[in-house]
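Values quoted throughout were computed directly from the atomic coordinates according to the rules given, and no laboratory measurement underlies them. Only a predicted model underlies this, so the values are computations on that prediction, with no experimental measurement involved. No Cβ is skipped: glycine too gets one built from the backbone with ideal geometry, and neighbour counts run over all protein chains shown.
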Amino acid sequence: MDTAAGTAPAPDVTTTDLVVGGMTCAACVNRVEKRLGKLAGVSATVNLATGRAHVTHPVDTTADELVAVVVRAGYTAEVPAPPAPERAAAGAADDGARAERNRLLVTALLALPVLVLSMVPAWQFRNWQWLCFVLAAPVAVWGAWPFHRRALRGLRHGAATMDTLVSLGVAASFSWSAYALFLGGAGEPGMRMPFEFLPSAGGGAAHLYLEAAVGVPLSVLAGRFLEARARHGTGAAVRSLAELAAKDVAVRGPDGTERRVPVGLLRVGQEFTVRPGERVATDGVVVSGASALDVSLVTGESEPVEAAAGQAVVGGAVNAGGLLVVRATAVGADTQLARITKMVTEAQAGKARAQRLADTAAGVFVPVVLTLAVTVLGFWLGAGADPQAAVTAAVAALVVACPCALGLATPTALLAATGRGAQLGVLVSGPRALETLRHVDTVVLDKTGTLTTGHMTVTQVTAVSGGLGEEALVRLAGAVEQGSEHPLGRALVAYARQRSADVPLPPVDGFLATPGTGVEGVVEGHRVEVRVPGDGLVAELAAALAAAEEAARTAVLVRVDGADAAVVAVGDVLRPGSYRAVDRLRRLGVEPVLATGDRAATAHAVAAELGITEVHARCTPQEKAELVGRLRARGRRVAVLGDGVNDAAALARADLGIAMGCGTDAAIGAADVTLAGGDIGAAAVAVRLARRTLATIRANLVWAFGYNALAVPLAAVGRLGPMTAAVAMSASSLLVVANSLRLRTWEPEPRAARGKDRR
């Protein structure tokens, strides 16, 4: 498998997430990753938008060691609290946002009079410049203090970031203005100063840069505040998933009494009550009652799901109707909601290949800009230019070159895309999965449980004359299938229990399941096998097999003590959206291939109904994996879509694995993309989302690089003032974030087209 998304870490390796504070640009990200990467066996992915580091490290490397490395790099770090890291992080973020908002408000109140007086010469009264100096001083010191503090901290650790550029720009502007006021003649009463959008040489040393000294921190603080609000919106998916979890639950005691306890105290096997309007506390099976459940926020499935006794329910679903009693089957991190939340969170921590290049470039970008600013200052002074023109060019170059947009190009798009994907029932493991999904041109499809509903029922049982008889054979087959996870096995068990009325099925000993072949075991002293039929059946069983295949039914052979005993025909129906999904994949340039363990006649019947031309029947799990290998060897980019244990090997070998959310843990664990709602139509949605996301990331990076390529030379030649540079820099970051936010409202199809072609 090319991608690492579906690969579990080695046994002696573990992962730790850190909340990192103080990062402001891609150069910060690059620095933290490099410092962590210097530890033996440690690799880290740092996300600027979320402020988190996902660190893979040996088990003997402690979290405290990782935190210490980040602190020595000049940043803050901590391990998020286990119970609710999202809420804890959100609370800390709210406190930080409140402090930044207050700083922005005070800075704006002090800076606006300075900006107005500096820009409107007609309003410049006698000694106006001294009032501006008094107002600008607290802005240049206190308002810009976060930049100064981080710049000094970086200096102590030998690092230069965007804060270094902003701090130097503000300090240079204010220092030059102080010199002009006290020593350069700008403090004379009645002095007037024209405002020029594009600075020019000349004018004497009396020119002040107080508007730049207040305008730069004001613009950057405002940009940061708006950025933070926008990025908070892109992370709404994870927060909404966390909010789906119930806070408490009504647990039923053995005597039928109820008591409400925190959901964390609920244990597997306990029964709890779900009343109308309440959320299902955790994954479970309905013991009694019937209702309709709204699972749209969990799986993306818009239609209510009917729940009755014996049916599985998912935690976080809303009970829309009757009273349900549910037995818990999974709690805590083992629930489907917890797995979805973890998958979305881990996906948002990753990076696209292009972003890694951008972060690497940002790591050397700031030192290059500092060198450029000094060079520009020396060049202008050496060429005999007016000192104020030289200072203007140097300060503008410092401010305009901040690599914020580079650091935000991928994280914000990925946050928005994975959040939107979760709402649509598409869970992507990370950016590498998105990159691969975008280039997929072939998808290998399983049949049972993927193209079909997997809710099978027994339609015909044909037993050998003179044998044990139909009823006894059904009982034996149902008993041995009790240990199977396959839809065929579940159908046989349900049919056997129905035929046996209140008599429980006998236990099975020595149970053995062979993926792609069948199951076997000892029941009441008989060696019972339920398997895929072979050739050489007796006439009556061969006829029953042919009839089942002609009717597009799946047939299984029951053998007892080594002899063929019966053929059982099991019926399944196509999923409502299978035809539409296959057609949409083909329209996207993705060729569908059907690979199933079923017999050729049944496989071709299903393929013909869906318009699939390439069919591979009677495939074992190994043969499915080999098929994927052959397709890849022919230069195809292959995705595999399946739901069972027999699909796990093919999922792992493919360029990209896509698992049905209703499938087994083995299939989901081997996949890179999970269709949470169990709707195959979401596969086409996933392809389109991947293409749209990668296009957004490319547009962001083109803008980020292009902005610097244009703005830095303009600043260096004196055609861009410091304050204009600050506005341009903030606008660059905001444009990148705004472009990414468009993914939050992305629709896989025009609204007018919805509801059509429901075949």
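Points worth noting:
- Fewest neighbouring Cβ atoms within 10 Å first, the residues Ile658, Ile697, Ile612, Ile680 line up as Ile612, Ile680, Ile697, Ile658.
- By the count of neighbouring beta-carbon atoms within 10 Å, fewest first, His157, His486 end up ordered His157, His486.
- Annotation: peptides 320-332, 467-479, ranked by per-residue average of other Cβ atoms within 10 Å with the highest first, follow the order 467-479, 320-332.
- In this label model, Ala385 and Thr14 are separated by 5.7 nm, measuring between points 7 Å along each Cα→Cβ vector.
- Each of Ser429, Ser43 was scored by other Cβ atoms within 10 Å of its Cβ. Arranged with the fewest first, they read Ser43, Ser429.
- Within the shell defined by Cβ-Cβ distances under 10 Å, the residues around Thr517 carry a net charge of -1, with Lys and Arg each +1 and Asp and Glu each -1.
- The 3J(HN,Hα) values that the Karplus relation (6.51, -1.76, 1.60; θ = phi - 60°) gives for region 128-141 are, in residue order, 4, 5, 6, 4, 4, 5, 5, 6, 6, 4, x, 5, 5, 9 Hz. Gly and Pro appear as x.
- Using a simple spin-label model with pseudo-atoms 7 Å out from Cα toward Cβ, Leu512 and His439 lie 4.3 nm apart.
- Along each principal axis, Cα extent of region 13-88, largest first, Å: 31, 29, 17
- Reference-scaled alpha-carbon Rg (2.2 N^0.38 Å with N residues) for region 436-564: 1.16
- Net +/- balance of residues flanking Gly562 in space, Cβ distance below 15 Å, scoring K and R +1, D and E -1: -1
- Dipole magnitude for region 457-571: computed about the Cα centre from +1 point charges on Lys and Arg Cβ and -1 point charges on Asp and Glu Cβ, it is near 220 debye.
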